[in-house]
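Here the structure is laid out as structure tokens; the discussion comes afterwards.
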Amino acid sequence: MIPSPPPRHRLPHVPGPVSWQDEPGTADRPAGPGFWTVTRHADALQVLQDPATYSSHRAGELPSLNRMLDRQDPPQHTRLRRHAARALAPERVERFTATARERARTLLAHALEAARSADGVLDLATAVSDPYTSLNLADLLGVPHADRRRLPRWTRPDAPADMAGYARGLIVHRRRYPDDDIATALAHDAQLTSAELEMLVELLLTTGLAPMRDAAAGGLLVLAEHPEAYRRLRDGATEIDLAVEELLRRHPPLLASRRTAATDTELSGRRIGRGEAVVVLHEAVNHDERVFTAPHLLDPARTPNPHLSLGAGPHLCLGADFARLQLRVLYEEVLRALPALRLAGPVVPSRSGVTNGIVSLPVRAV
């Protein structure tokens, strides 16, 4: 196991595994109603796996948001997820390996060439992992080539976009020009209504990109901070699949998962009232000493590794297999291209309150 630097994201002070957090107002925002935080693995599983008690639906929000798949509960969620999972078939994902590998190699080669002819620094986030994940999603989903440069901007908090409108247009396009992609498969699913179809495509466009982008850059950051782990991976002393899980544990792409108590209940001795928000803090849960031995140490060979970075229960990440494939291929190609992974400047986080993003990750082109 390898000692780790302090976590970049400071968790709120929590006196117990389930504790109440006030939401004081600021100059730009009124005070909120407060919420319960969950920091223990067993409690998090209870919340995430029991949609009857802890609902994904949020009262008081726009109906358009609550119609999204990640805000729905069974049985409606189960039915719609089944259709999306059928489109995201394992064989379709597996066929994508060669494409992802060639893309990672090409992006790295271009970035290294540009860096060596300039100041010797390349930004792994902007030059490699961001376009890698956005173009992979575009291929899998069936986004036309003319639209692909727009994808990275759509998931930045300062660049709102009409995703519903775009999803509608993409469906029309793939009905007219079918291909081997998810949008085509969904567009020809006669059991989905127009509204359900548009919602699923919009969801895949947004939630399929931002978490994957953040996981990819975040894992590379962790490796840059742990040169011994990087060396062991490059020498083949550690299995890459195990390392992918440990990097996900250390840098979960989402900071938290929110649920709402559908009824009065109790969790770890705390009484939770109906309608109160319950927030699972992924980084804290992934460091629960009851589940993970020496959780503050990076262990690329850690097994078992039951982290919750990709969720659990009904809302387990729909594209988990695709995510793991992309991460494995990207890390393998970075290990092949760079003998060492050394930071060359300050890392710029996204400063989002939801995602665990990296905007800039400068490294030496050694």
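Derived from the Cα gyration tensor, the three semi-axes of the equivalent ellipsoid of the range 175-259 are 37, 16, 10 Å, largest first. The portion of the accessible surface of the chain made up by carbon and sulfur, rounded to a whole percent, is 53 (1.4 Å probe; DNA, RNA and ligands excluded). Estimated at the nearest 10 Å², the accessible area of Asp28 is 150 Å² with a 1.4 Å probe. Adding -39500 (n - 2.57) for every DSSP H run of four residues or longer, then dividing by how many residues the chain holds, sets the calculated 222 nm ellipticity at -13000 deg cm²/dmol.
For the chain, the antiparallel share of DSSP beta bridges with both residues in that region comes to about 90%.
Once the 1.4 Å probe is applied to the protein heavy atoms, the chain comes out at 46 Å² accessible per residue. Subtracting the Cα-Cα distance of Val366 and Arg351 from 0.36 nm times their residue separation leaves 2.5 nm of extension gain. Across the chain, C-alpha contacts under 8 Å between residues 6 or more apart give a mean separation that, scaled by the residue count, equals a relative contact order of 27 percent. Binning the alpha carbon pair distances of the range 128-240 at 10 angstrom intervals from zero yields the distribution 13, 38, 25, 15, 9, 0, expressed in whole percent.
Our summary gives the range 180-311 a relative contact order of 23 percent, counting only alpha carbon pairs under 8 angstrom and 6 or more residues apart. Label the chain by shape, choosing from rounded, prolate and oblate, from the square roots a ≥ b ≥ c of the eigenvalues of the Cα gyration tensor; if a/c is under 1.5 it is rounded, and otherwise prolate applies when a/b is larger than b/c, oblate when it is not. Oblate.
The values are calculated or read from the model by the stated rules, or taken from the named source; none is laboratory data. Because the structure is predicted, anything quoted here is derived from the model rather than measured. Only protein heavy atoms, including side chains, enter the accessible area calculation; ligands, DNA and RNA are left aside. Shrake-Rupley method; radii C 1.70, N 1.55, O 1.52, S 1.80 Å.
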